Each structure stands twice: as C-alpha cells, then as structure tokens.
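Single-structure report; data block below.
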Amino acid sequence: MAAEDGNDDKRHVSISIGAIGIKSIPTNAAIMTAEGNAIIGRIVRFNRRHRRTVFVVAMLVTAVPWTLLLLLRSTHSATVSDNSESNENSVLNSGIPGQTNPEPLHDSKYVKPSKSTFSREHGSLVDPPSSAAKIAAAKLTQMQKLPPTASPRDYITRHKAIMPASFCDPFSNANFLTTLDALPNLVCANSSQLKDKINPDIFSSHLEAASNYSYASLHSIFRGENDYKKKIFPHINSIRTYFTNHQSTLPKTLKLTSPLVSPKLNQSSPIVFSPSNEPISSNVNPTSVSCGVIDDNIPQRYCDTHNIAIRLNAIPKVDKKSGLKLLPEFEQALEGMCYLDENSWFGQGMGEGAAGWMYEGLNILNSEANLEIKCDLWLDTPVFMISRWDTTNPYQFHQDAMNTFIVYSLLGLSPSQIQPIILDARHADGPYTAAWSHIFSSSHHLIDIRQLSTSAASYIPSSKSQTEKPTLCMRRAIWGIHGGISPMARGGRKRAGCTSSPLFSAFSEFMLDRVLESAAQESNKPLIESNIAKTAQPLSLSSSLLPAWLPLPIKSTRYGLLFETTVRNFYASGRTTEAEKLAKNTIVVTYAMRRAATVHGSTEPGASFGMQFHGVDGITAVEPVKEYIDGTEPALKRIVANENDLINSVYRTTEKWKHALSGKIRKVEFRAIDFAQLSFDDQIAAAHTTDLWIGPHGAAFAHLLYLRRMPFAAVLELKPPERGSSNMQFHNLAMKMNNMFSFVNIGNFVSTFQMQNVEHEVEYLLENLYDSRQTL
C-alpha cells in the first residue's frame, strides 16, 4: 500500500509537470525540478501519515494544564468539605443572627487595606462618592418631608432641584417630564375636538378651543407630517405655523386636566359606583384616549382614558395556563366612542402591560354614526390598571413599580386619588401586593378586575339578562406600561457614568415614605406615645413624628433579635439618646443569602403596612387563584455550594476589622439573611438599615434602592461565571443611588483565593464607610 501511495504521488507530480509544459530532458533545470517534486511528495506523504498524530499532540498540550487545575480544585473541594460538615440550617440556629458558628479569628497583624493592594484582575473598585454628591445627600436629609398626599411628580421635582448637575442619561434624569412624546397626546376624541369644521376665521376658532387642551395635546395635533391629519385639517400647515409664531397664546403650563376624583372617595370605600343610565356618545360623555411614549426606541405606551365602557360578561376567565399574560378577546371587553387618529393609534406599539390589555380589548365605535353606548352603572373612582410582569421576583416587581411611579408623575397623580386594579390572572400573588393597596394607593384595598366586575354586577338589576351585556362605564381609567422596559433594565451591559440620579433617588424616597407612613400608622403607636408628650388634642400618627434615624420595624424572628429591633426597643423604653448613638455609630453589614424561593401570598397579618382588604367590599368577592410552594425551588440558579464557609469568612473579617484599632472597638453588626423568606415590609426594613450589602448576584439586589446612606452605603457583588464583566446592572444601580460599589468574581464553589479577595474588599469598604462617618 505504501508503494502504491508513493506511485500515486509520483503520477500526480508528473501530471502537474506535464501540465505546465516541462519536457523530461536530463538538464540541470529538469534535475532541479525533479528534486523539488520529490520534496513536495515527501511533504504530502508526511502530512497524510502524521496529521492525526500532530492533532492529538496539540490537544494533549492544550488539555494538560486545565486537567491539572481541575484536579487541584477537586482536592481543595474535598478538603473544605471534610472540614465543614455543617448543614444549611446551622446558619439559622447559631447565636449570631443568620450566621454559622464563627471560626477563630486570624492572629496576623491587621493592615489597613488600600486600593493599590487590590488586584483589578478579580474585581473592580469604585471611589467613594464625590463631595458634591455628599452635599446633595446632606441637603436631602435636611429637607422637610413631603406630605402623604404628595405625588411622584413632587418627588422628582424635589430631587431635580437637589441634583441639577447630574450627568445621567435622559431616563435617569427624568427628562420625560418635559418631553412632548412622553406626555399624554390625544389620539381619540369626539368630533369637535379632532374634526372641527374649519371656519373662515380658522385661527380664532382653534384659539378658542385651545383652552380645552393641554400644551402637549395641541402639539400632538399640529406637529409632524401626517396625511390623515391633513384630511382632517385642510389648513393644518397654516395653523401649525400660526401656533409656532404665537406661542404666547398657548397655555403657559404643562399641567394636565385635574383628575376626576369623586368627593365620596375615602379609605373605607375606595370604589364609588353611581347608578346612572347616562350613555356614552359623541355629545354626552364622549370617550377620549390620550397616550404617551416614554422612549421612542421602545414605543410601548401608557394611556389615559375617559368615559369608556367595560362589558362585565367579557372579562377574561382565569385558567391555569394563562399565567400573567391574561388578555381579553379582541375588541370584546371594552367599548369607546370617539374619532380615532388611526396613524397615531396603529403606528406605535402598546406592549404587554395594561395598555396592551386595553388595546387588545377596546372596540372603538364611530362617533359620526349617531350611536351611543348604554351604561348600567358608572364607576366614579379613577382607577389605574396594572398587568404585573413577575409577581415573585423582587427586581422585576420594582420594574413594575418604577413604571407606575413614572406614569403617576406624568399625570400628576397622588396615591390618595386613585385605586389600582390588577388585570393579570394572579396565579402567584407574591409578597409585593402591598404596593397596589398601600404604596400606590391609600385605600388599603387589593382589587383585581374580576372582583371589580363581580361587585359592579351586584348593583345592576338582576332582571337584565346576560345577553344584554351588562355594562360598567368608567369615568377615568389609566393603563400602565409593561414592567420589562423600565429604566432599571436599561444599559445593563455597559458601565454607566451616571451618579446621583434624580429619578432613582426620587423613586427610592417615595417608596420609603409610603412604607414609613404605613409603619407609623400601624405599628409605631406605642413608640410615639412613650416618646412624645401627650397633649389635649388627639395625637395624629405620622412618620414625621419619628426621628429619621429610627429603623423600620422587623416583625420576623427567623434570624433572632436583629439590630432594628434592638434600637427600637431602646427608643420605646425612653432611652432615646442611647438608641440614637447605637443607630448612627453602628455599621450594619448584611449578607444576602440565595437559598429559597420567594414566598407566595398576600400581605401577612401584622405587617407594617397594616390590614389589607380584599376586593371592593373589603372581603374577597372572588377568591384569586394562588399557588403555594414548600420553601424550596430546585430551579433556583447561581447557588454557592460552600456559602456557609463564605459567610463565616465575611463574619471573621468584620470581627477582625472591629478590633483592629488599638484601644478602640468599632461598632459593626453582621447578619446573613435570605430576603426571599421575608415579607415585603421586612425586606425593605432590613435593606434600609444596611450600610454594606454583600451577596451573590441576584434579584434581591433591587433592594440597593433602600440602603442607608450616612452619607453613602457600599455594595459588594459576588459575580458568578455567567454574570461576568458584561453585566453592569447592579454597578449602575449602586452608582445612581450615589453609593460605593465593588465586585469579586466567584465560581459555583468559592475558592480560597476568591475568599481572600472578598475579605480584602470587605475591609476596604468598611474603612471607607467608617471614615465617612467621622465627618458627619
């Protein structure tokens, strides 16, 4: 076979030589050519015989170093496993809150860490906030609290005034408050609004109507090229030019129409029905739809609607397959009568949120057809429709909450003026339902669309047959945005230079104020009575009566007596000075464990938010479908295999740092907490007292919004392999909240080298926090 292979090679060579016209003459040139061909033949034979061998050798050379590393790692893993037999539950059973029994401290001499000794290959450090940022934070703490009736717009205005020089992106700067596209633009209204007959004096007629429009609505009609609008307004170009040259004739303010708040609205009865057969028509109670686009790159809209009807027998039924995306049948559930700007209506998306629910189910009748929509009952209470994205994930819940905050700010809404209505199937309510009963509403009622429908039907005479489509007409309904496109989800793939974001700071203060107000109303009465002199007048419970340094209450005893409870007990017993010193001088380190799934269910009895009433009447008229779990979730990812060892390492580091200064013990409190096993109010309370947040990458990092800033907090993110340097969402969130941030890359099993990096980072961040406290 070898000979045959060789002959084949020679034949190939001779053929190639003949092909280029070289004759077989024994000249020097021919001899040289023959030698060259012989060399080529040997190379070809070598390649064919040995290429597999070369490939195998190359693979071995590449694989050997990795094999050795894996062997070393497995050896180390076995050693650590042999020396650490404690199970997960030991974290909960030791004397230290949420902590395993600590090992002896290192005997080595303490050396104050410095940034220069840190290896940037395994993490990233950010300098402490600038002096300007500290001044802004100090201004905020010195400002008087906003009243409970304040709207999200008031919070944003306040923070933009404090941080006028922010270099953040337009979202984080809350520039949408002055963006015409973001403000509600009229897309559907009655004929007199959108299809006026042009009088000879076209300018005076439209100027007369201008008083009925917001500035944004006027621009919606008269801006941009739009063939459909040109058919409506033959002189639209002239009108647009006139308004451009006569800005003084337009309304001076961007304020929108005042909300239609019924005087009968109160906390005990959040929903007000009016038995009335007033119809919806082009002349009586005409429908109007105004929508805004917060981001042109992702054109998902929110909408503000007036006078639309909901067919009670068309509310989608709950089943086990629909999940959170529960949409009505197309053009079946809702009806309106208005003249539609089709280019604006169909030219932009609505997304998967409540606006998509409305878009899917709304049938718009022609206002010129001399028709009317008969109403059996009117809902006078303004309602905010929310179709939640993910009910058990804290990060995605906060995206829903932030988008709601933005819509409230654009419309000038206050929680005391509106009642949220849940549109989704409520398969798993999660622990965050208080947002829709206590934070974005003052009613304390949790209501879904099916409960609203059932209560409304009870007011309609039973003689009305189902075939007649019993109809509830709503004075005002606002439809929210899909949570997945919130500013929290933007720009997470690259490191942003944004610090001190007005939007994020305003959102954080709003959420905390709502929680503080509920806590003051529900659980702080003994504290107030024991620390404030009694007067002849009835005492009005308010968060403004409590000192700002007093922690929120934590009712859970799962992790023993936590720092928050200790401070509050001192304060309640009259030891106010001692309580204040303890609160201000202690650095609280919280390790956020990642072990359990989020508990499903509504607000627990005794929560700081207080009693939560279900349904319109305060009891569950329609029992929502719930799913319960046993506290474990096998699908939970990014679990740290040796987390007990890691927690012990962090605890030892805090203890060593506490005793590092000769003759002085610095106050530091360490605890390891699984936030998924706490109620919503306890989660916020634990985060709000935290100065240094540590934990594996996960949704619990949404609570960076609430960290205690004295004058700033610090964050240490432990990044798993699948959340590498390209994932910057929590870095950016920490920066927007004007806090320090650092990260350490870890594996599913944290090596000794990685633990050393974690220890170094903890020391460095503690030093910065301690030094900043000395200047207060």
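The values are calculated or read from the model by the stated rules, or taken from the named source; none is laboratory data. The structure displayed is predicted, hence computed values, not measured ones. No Cβ is skipped: glycine too gets one built from the backbone with ideal geometry, and neighbour counts run over all protein chains shown.
In this entry, SER282 is excluded by the filter for residues that are touching an Asp or Glu at 6+ places or on another chain (Cβ under 8 Å), at pLDDT 90 or above and surrounded by 22 or more Cβ atoms within 10 Å (Cβ to Cβ). The residues of the stretch 557-573 that are part of a loop (DSSP other than H, G, I, E, B) and in contact with a strand residue (DSSP E or B) (Cβ under 9 Å, 6 or more places away or on another chain), listed by number, are ARG558, TYR559, GLY560, LEU562.
Regarding the stretch 541-549, can at least one residue be identified that is modelled with pLDDT of 70 or more and surrounded by 22 or more Cβ atoms within 10 Å (Cβ to Cβ)? The answer is no, given that none of the residues of the stretch 541-549 is modelled with pLDDT of 70 or more and surrounded by 22 or more Cβ atoms within 10 Å (Cβ to Cβ). Of all residues in the stretch 709-734, those being modelled with pLDDT under 95, part of a loop (DSSP other than H, G, I, E, B) and closer than 24 Å to LEU646 by Cα number 8.
To keep it simple, each residue is scored yes or no on (1) more than 24 Å from LYS325 (Cβ to Cβ); (2) at pLDDT below 90; (3) of a type in the set (Phe, Trp, Tyr).
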| site | (1), (2), (3) |
| --- | --- |
| LEU413 | yes, no, no |
| ARG426 | no, yes, no |
| PRO431 | no, yes, no |
| TRP436 | no, no, yes |
| HIS444 | yes, yes, no |
| ILE447 | no, no, no |
| ARG450 | no, no, no |
| SER455 | yes, no, no |
| ILE460 | yes, yes, no |
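Here LYS469 fulfils each of the conditions (1) on the phi > 0 side of the Ramachandran plot; (2) buried (at least 23 other Cβ atoms within 10 Å of the Cβ) apart from (2).
Residues of the stretch 492-514 that are crowded, with 24+ Cβ neighbours inside 10 Å and assigned to a helix (DSSP H, G or I): PRO502, LEU503, PHE504, SER505, ALA506, PHE507, PHE510.
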